[in-house]
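The values are calculated or read from the model by the stated rules, or taken from the named source; none is laboratory data. The structure presented is a predicted model; accordingly, all values stated were derived computationally and were not measured. Every residue, glycine among them, receives a Cβ derived from its backbone with ideal geometry; neighbour counts consider all protein chains shown.
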Amino acid sequence: MWIIFSLLAAISAAVVVTLSKVGIKHVDPVLAFAIQAVLILLVSWGVVAWQGKLGGLAEVPRRDLLYLVAAGVITCLSSLFSFQALKLGAASRAGVLDKVSLVFVVILAVVFLKEKLNWQLVVGAVLMVAGAVFIAWSQKQAG
């Protein structure tokens, strides 16, 4: 089931990049992200309320809350950087280079989460970096 959700997340992310690129054409990237952030806030808390899980907030352990807050701050920075890259570059190139984060996920998972590394993971990560770099530095197409 995790594969389905991961693929849905990937498709959603691709749509977000495409819509964001169109949306920031005449808008400052920081303002554009702030607009999206408000909607993210409303929708995410709306889902929590709809599922009846608002009471669970008080049960979140302090340490977990600190990790989630730190991740939230870094998510904001990541989005701000992504919006600036989209404003300055082609979506097909900026959006793909952004996905090199997948390789960093592998590295951080091995180092900090003690996940096991195997040759398939290494080859896959190398291919992802090569593909992202190849696309990012490709000639911009006319049109």
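Can you find a residue in the stretch 119-142 that is in contact (Cβ under 8 Å) with a residue 40 or more places away in the chain, under 17 Å from ALA13 (Cα atoms) and more than 15 Å from the chain's Cα centre (by Cα)? No: the stretch 119-142 contains no residue that is in contact (Cβ under 8 Å) with a residue 40 or more places away in the chain, under 17 Å from ALA13 (Cα atoms) and more than 15 Å from the chain's Cα centre (by Cα).
Do we find that LEU19 is outside the structural domain of GLY131 (by TED's automatic domain parsing), out of contact with any His (no Cβ under 7 Å at 6 or more places or on another chain) and at pLDDT below 95 in this structure? Yes; evaluated as a whole, the condition is true for this residue.
Scan the stretch 65-78 and give yes if some residue there is part of a helix (DSSP H, G or I), touching a Phe, Trp or Tyr at 6+ places or on another chain (Cβ under 7 Å) and in the same structural domain as LEU41 (by TED's automatic domain parsing), otherwise no. Within the stretch 65-78, none of the residues are part of a helix (DSSP H, G or I), touching a Phe, Trp or Tyr at 6+ places or on another chain (Cβ under 7 Å) and in the same structural domain as LEU41 (by TED's automatic domain parsing). Residues that are out of contact with any Pro (no Cβ under 7 Å at 6 or more places or on another chain), within 30 Å of TRP119 (Cα to Cα), touching a residue at least 60 places away in the same chain (Cβ under 8 Å) and not aromatic (Phe, Trp, Tyr) do occur in the stretch 14-34.
I'd like the residue in the stretch 36-64 that is surrounded by 11 or more Cβ atoms within 10 Å (Cβ to Cβ) and in a helix (DSSP H, G or I) and, out of all such residues, is farthest from the chain's Cα centre (by Cα). So the residue we want is LEU54. Condition check: under 22 Å from VAL22 (Cα atoms) and surrounded by fewer than 10 Cβ atoms within 10 Å (Cβ to Cβ). Does TRP137 satisfy that? Considered against the rule, which asks whether it is under 22 Å from VAL22 (Cα atoms) and surrounded by fewer than 10 Cβ atoms within 10 Å (Cβ to Cβ), TRP137 comes out as yes. From the set of residues in the stretch 83-97 that are surrounded by 15 or more Cβ atoms within 10 Å (Cβ to Cβ) and without any contact (Cβ under 8 Å) to a residue 24 or more places away in the chain, which is nearest to ALA32 (Cα to Cα)? So the residue we want is ALA85.
Take the conditions (1) closer than 30 Å to TRP137 by Cβ; (2) modelled with pLDDT of 95 or more; (3) of a type in the set (Val, Ile, Thr); VAL60 misses just one of them, which is (1).
Could you please find all residues in the stretch 108-121 being in a helix (DSSP H, G or I) and either in contact with a Lys or Arg (Cβ under 9 Å, 6 or more places away or on another chain) or loosely packed, with under 12 Cβ neighbours inside 10 Å (or both)?
VAL110, VAL111, PHE112, TRP119, GLN120
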